[in-house]
Amino acid sequence: HQVAQLGVAYVPEGRGIFPTLTVRENLVMAARAGTAGQKDWTYERVMETFPRLSERLTNLGSQLSGGEQQRVAIARALVIQPSLILADEPTGNLDSVRGRDITRLLREVAHESQQTVVVVTHDIRVASQADRLIVLLDGKVRFDGRPSSDAEWMAALKLEIDG
């Protein structure tokens, strides 16, 4: 609860939405003003950002596809007005099309609202689209920078694995 009070929102691996609540209930129960009283992510703004969810408001969490559940998890993180979003494997268990949609959505959130979004992933396609990439191997930083090309940071990682 102390981390949440600091304005950190968490999008857990496996989505973690409430399966017996509707989409609307999942969002409304989490909504609050931010640590500085801000209300940048209103219910209306979330519906504009996630138009598919507006069509599913009365569906239970358990009735949604994996991609829809992931959108609810991200939307729920936004309505708490976070200063930081931590997303753990946000494209996990999604097909490549849904995974690209979620990656694009997180980039839009980060860029449009100057929101800090930290994504932990094993998916190289997601990692290569980061503004800043930190590659960890055995708990040690092996690359830290802008992924100007996949070859650059992957080479640094390969040297560490092979070396």
Considering 79, 28, which residue is modelled with pLDDT of 90 or more and touching a helix residue (DSSP H, G or I) at 6+ places or on another chain (Cβ under 6 Å)?
-> 79
The condition from (1) within 28 Å of residue 127 (Cβ to Cβ); (2) in a helix (DSSP H, G or I) that residue 24 misses is numbered (1)
Which condition does residue 9 not pass, out of (1) touching a Pro at 6+ places or on another chain (Cβ under 7 Å); (2) farther than 20 Å from residue 104 by Cα; (3) not aromatic (Phe, Trp, Tyr), if it passes all the others?
-> (2)
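Would you mind finding the one in 109, 118 that is under 14 Å from the mean Cα position of the chain (by Cα), over 12 Å from residue 24 (Cα atoms), assigned to a strand (DSSP E or B) and not polar (S, T, N, Q)? Even if it seems obvious, please write down each step before you answer.
Details: 109 fails: assigned to a strand (DSSP E or B).
Result: 118 is the single residue among 109, 118 that is under 14 Å from the mean Cα position of the chain (by Cα), over 12 Å from residue 24 (Cα atoms), assigned to a strand (DSSP E or B) and not polar (S, T, N, Q).
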Hits in the range 21-63 (condition: within 16 Å of residue 77 (Cβ to Cβ), of a type in the set (S, T, N, Q), surrounded by 15 or more Cβ atoms within 10 Å (Cβ to Cβ) and more than 19 Å from the chain's Cα centre (by Cα)) | 35
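For the range 63-106, how many residues are farther than 17 Å from residue 47 by Cα, assigned to a helix (DSSP H, G or I) and among the charged types (D, E, K, R)? Spell out the reasoning first.
Taking the range 63-106 as the starting set, the residues that turn out to be farther than 17 Å from residue 47 by Cα are 63, 65-66, 82-100, 103.
Now drop any that are not assigned to a helix (DSSP H, G or I), which leaves 63, 66, 96-100, 103.
Among the residues that remain, those that are also among the charged types (D, E, K, R) are: 98, 100.
Residues that pass the stated criteria total 2.
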Filtered residues of the range 11-20 (kept if under 16 Å from residue 78 (Cα atoms) and touching an Asp or Glu at 6+ places or on another chain (Cβ under 6 Å)) = 12
Restricting the range 109-145 to residues that are of a type in the set (Lys, Arg) and at pLDDT below 85, the residue that is surrounded by the most Cβ atoms within 10 Å (Cβ to Cβ) = 142
Within the range 64-88, the residues that are surrounded by fewer than 19 Cβ atoms within 10 Å (Cβ to Cβ) and closer than 22 Å to residue 3 by Cβ are 83, 84, 86, 88
Output the qualifying pairs, or none if there are none: Cβ atoms under 6 angstrom, residues six or more apart or on different chains, first residue in the range 19-35 and farther than 13 Å from residue 58 by Cβ, second residue open to solvent by 50 Å² or more (accessible area, probe 1.4 Å) and at pLDDT 90 or above.
-> 19/62
For residue 100, indicate whether it is over 19 Å from residue 8 (Cβ atoms), in contact with a Gly (Cβ under 8 Å, 6 or more places away or on another chain) and either open to solvent by 70 Å² or more (accessible area, probe 1.4 Å) or in contact (Cβ under 8 Å) with a residue 60 or more places away in the chain (or both).
-> no
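The values are calculated or read from the model by the stated rules, or taken from the named source; none is laboratory data. Quantities reported herein were computed from a predicted structural model and do not represent experimental measurements. As a convention, Cβ positions derive from the backbone with ideal geometry for all residues, glycine included, and neighbour counts pool all protein chains shown. Just so you know, the surface numbers come from the protein's heavy atoms only, side chains and all, with ligands and any DNA or RNA stripped out. Shrake-Rupley method; radii C 1.70, N 1.55, O 1.52, S 1.80 Å.
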